[in-house]
Amino acid sequence: MIKFIKRFFQILFILLLVTVILRSFFLAAYKIPTGSMENTLLPGDYLFISKVDYKLTTPRYIPFTQIDIPHITLLNIGKPKLYDVIVFKFPGKNYGKIIDNKLNLVKRIVALPGDTLEIIYRNLYLNNKKITPPGNVFYNNPKIVSDGIRENGIFPSNKNWNADNYGPLIIPKKGEVINLNLKNIKFWRTIINNDTDSSNVSVEGSVININGKPARKYKLKQNYYFVMGDNRENSLDSRFWGFVPEDNIIGKALIIYWSIDLDTAKTSKKDFIDKVRFDRILRIIK
């Protein structure tokens, strides 16, 4: 009996160790909380995320917690691609209802570093070419906001843009040298602050300081991405809070491993089994 118990705990320890390794280096789980990615992803979908499609890093968090720890890149494997669905750490400190910079979000990449993005009457253009959107992208309201009408909360704040008519906007790219002045520092300040863990921008009169030293130029250390939700009218995304730094990307969404209808989970009299969306389980995310 003692031998059996010892063997049981040995197996349990091995399983726990394998789980910690998988969660720390290779896979993560994520629950879809909102409808911003409908119909690709629905509230109540549970995803597996690949952490190694783009790079292999040391753990970002203490296992099974959301406590940040310093991490480094061990191996670069690939680059995010156009229309990849990614999970990432929210790159701002607050925006509307988003007040936690530890919050993870899921969106689709619609523009890559160095691209010039423009939205003209809801049509997406990259580098002056009209791009066909993925099949799941949709709008509920046929009414389009006219060009030149500024929408509250739009990024950047000094443009008369809206979610239906937006840009042109150049996506920042690693190695790009930015000429800084008092007119553009408001735009670049948050981007530079997010560029490295130690970046800090301050303005004293007519002097722009980076990490306490006067600066007129800054060389970007990261690539940046522009993301949007497939439910374009109901998605708080890059059109409102800006770019996603590459280091904020946790991984690529792979597969739905579980799905339950949250709309009926608390109010419906259905049995639990009736709330499970079996047709979505093991669906590959495209």
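Every number here is computed from the coordinates shown, using simple stated rules; none is lab data. None of the values given here were measured: they were computed from a predicted structure. FYI the Cβ positions are ideal-geometry reconstructions off the backbone, even for glycines, and counts take in every protein chain you see.
According to a simple spin-label model (label point 7 Å from Cα along Cα-to-Cβ), what is the distance in nm between Tyr257 and Lys6?
Each label point lies 7 Å from its Cα, and together they span 3.3 nm.
State to the nearest 20 debye the size of the charge dipole of the range 181-220 about its Cα centre, where the only charges are +1 on K and R beta carbons and -1 on D and E beta carbons. Kindly include the intermediate steps, with their values, before the conclusion.
Details: 7 positive and 3 negative charges, 47 e Å.
Dipole size: approximately 220 debye.
Suppose every K and R has +1 on its Cβ and every D and E has -1 on its Cβ; what is the size of the dipole of the range 178-286 about the Cα centre, in Debye to the nearest 20? Let's see the in-between values first.
Values: 19 positive and 13 negative charges, 65 e Å.
Using Cβ point charges on Lys, Arg, Asp and Glu, the range 178-286 gives about 300 debye.
Go ahead and run the numbers for FRET between Tyr121 and Asn209, Cβ-Cβ distance against an R0 of 30 Å, rounding to 0.05.
Efficiency, rounded to the nearest 0.05: 0.10.
Per 0.36 nm of contour for each residue apart, how much would the distance between His71 and Asn152 grow if the chain were fully extended, relative to their Cα-Cα spacing? The partial results should precede the final answer.
Working: separation 81, 0.36 × 81 = 29.16 nm, distance 3.61 nm.
Answer, rounded to one decimal: 25.5 nm.
Which listed residue (Pro172, Ile192, Ile14) has the Cα farthest towards the positive end of the charge dipole for the chain, taking +1 on Lys and Arg C-beta and -1 on Asp and Glu C-beta about the Cα centre?
So the residue furthest toward the plus end is Ile14.
About the Cα centre of the chain, how large is the charge dipole given +1 on each Lys and Arg Cβ and -1 on each Asp and Glu Cβ? Please answer in debye to the nearest 20.
My answer is approximately 560 debye.
Using a 7 Å offset from the Cα along the Cα-to-Cβ direction at both Asn136 and Leu82, what is the distance between the two label points in nm, to one decimal?
Label at Asn136, label at Leu82, 2.0 nm between them.
Compute the distance in nm between two label points, each set 7 Å from the Cα along the Cα-to-Cβ direction, one at Lys219 and one at Ala29.
Those two pseudo-labels are separated by 4.4 nm.
As a check on your grasp of the helix formula, calculate [θ] at 222 nm for the chain: sum -39500 (n - 2.57) over DSSP H runs of n ≥ 4, divide by the residue count, round to the nearest 500. Numbers along the way, then the final one.
Values: 5 runs with 43 residues, N = 286.
Calculated mean residue ellipticity at 222 nm is -4000 deg cm²/dmol.
Within the set Lys31/Lys55; Lys219/Lys252; Lys107/Lys159; Lys55/Lys219; Lys219/Lys286, which residue pairs have Cα atoms separated by over 25 Å? Please report the intermediate quantities before stating the final value.
Details: Lys31/Lys55 22 Å; Lys219/Lys252 27 Å; Lys107/Lys159 23 Å; Lys55/Lys219 23 Å; Lys219/Lys286 34 Å.
Listed pairs above 25 Å: Lys219/Lys252; Lys219/Lys286.
Computed FRET efficiency, Cβ-Cβ of Phe272 and Ile14, R0 35 Å: what is it to the nearest 0.05?
Values: r = 32 Å, r/R0 = 0.91.
E(calc), rounded to 0.05, equals 0.65.
In the range 179-263, which trypsin sites (Lys or Arg not before Pro) fall in coil by DSSP and have 12 or fewer other Cβ atoms within 10 Å? Intermediate values should be presented prior to the final figure.
Working: sites: Lys183, Lys186, Arg189, Arg216, Lys217, Lys219, Lys221, Arg232, Arg239, Lys252; in loops: Lys183, Arg216, Lys221.
Answer by residue number: Lys183, Arg216.
Using the Cβ atoms and a cut-off under 14 Å, what net charge is assigned to the surroundings of Lys221, where Lys and Arg are +1 and Asp and Glu are -1?
Cβ neighbours under 14 Å give a net charge of -1.
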